[in-house]
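See structure below.
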Amino acid sequence: MPTYPTSGYMTAELCLNGHVITGDTENEREKTSKFCRECGAETIRRCPKCGASLRGDHVYMGTITWMTLSNYCYSCGTAFPWTIAKIAAAKEHAAEIEGLDEAEREQLREAIDDLAAGGARTDLAASRFKRLMKKAGVEFGSGLYKVVVDVASDTAKKLMIG
């Protein structure tokens with residue numbers, strides 16, 4: 001019989017590429033594994049930097065809300081391995097867009113960091129990203145757009161989509 005706290009987060013298990021293995025390692029032990037069934041990457045239950053448990057399913061007054069994938073640790077603010085890999089892939093993709101000159105490619109790489117962080121430069125970064133993607137064209141920009149939206153903060157997503 002599953003046991004749940006009155007309120008709080010269960011511990012999640014994810015692979016280093018961000019695939020969710022389970023949002024509740026305590027009550028779904030049969031789903032846990034050392035390696036991801038989708039990509040074969042090693043799985044983790046704690047932040048690699050500070051050791052805080054990965055937040056999984058949320059329980060409040062007996063009601064369970066399924067987990068949402070986080071890009072950063074709630075305890076130390078460090079980007080998770082899947083976030084770092086996605087940002088690196090987005091920057092690599094940006095470096096290969098033929099429709100932009102080198103200065104524009106650099107602006108795009110900087111905008112990617114700002115969109116992921118969701119800080120004071122988010123509005124500027126969203127504006128630059130949209131302008132540069134328009135210039136690059138759908139053929140080159142659609143793949144990059146998908147990766148960037150995946151790592152962007154909620155505020156950045158609203159600005160980019162809206």
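Structural remarks
- Against the criterion of solvent-accessible heavy-atom surface with a 1.4 angstrom probe, M67, M10, M61 sort, most first, into M61, M67, M10.
- By a 1.4 Å probe calculation restricted to protein chains, T68 has an accessible surface near 110 Å², given to the nearest 10.
- Rolling a 1.4 angstrom probe over the protein heavy atoms with all chains in place gives region 85-162 an accessible area of 54 Å² per residue.
- With Cα atoms, 0 to 90° folded angle of helix 138-151 axis to the chain main axis: 40 degrees
- Here the relative contact order of region 35-82, from alpha carbon pairs under 8 Å that lie six or more residues apart, stands at 25 percent.
- Structure remark: mean-square fluctuation, Gaussian network model of the chain, C-alpha springs under 10 Å; the largest value among Y74, Y60, Y145 belongs to Y60.
- Accessible surface of T25 - all protein chains present, 1.4 Å probe, nearest 10 Å²: 10 Å²
- Of all the options E104, E30, E96, the one that moves most in a Gaussian network model of the chain with Cα springs shorter than 10 angstrom is E30.
- Largest accessible area first, the residues V149, V20 order themselves as V20, V149 under a 1.4 Å probe with ligands, DNA and RNA left out.
- Measuring nothing but alpha carbons in region 1-88 and taking Rh as the Kirkwood radius, the Rg to Rh ratio lands at 0.97.
- In this structure K135 has an accessible area near 110 Å², from a 1.4 Å probe over the protein heavy atoms.
- The share of Cα pairs per 10 Å bin across the chain, counted from zero up to the longest distance, runs 11, 33, 28, 20, 7, 1, 0 percent.
- Once you divide the Cα radius of gyration of region 50-137 by 2.2 N^0.38 Å, the number left is 1.40.
- Region 1-74 and region 98-162 have their alpha-carbon centroids 30 Å apart.
- The chain: most fluctuating residue of I64, I84, I21 per GNM, C-alpha cutoff 10 Å: I64
The values are calculated or read from the model by the stated rules, or taken from the named source; none is laboratory data. Predicted model, so just to flag it, every value in this text is computed and none were measured. Protein only, heavy atoms only, side chains kept; ligands, DNA and RNA dropped before computing areas. Shrake-Rupley method; radii C 1.70, N 1.55, O 1.52, S 1.80 Å.
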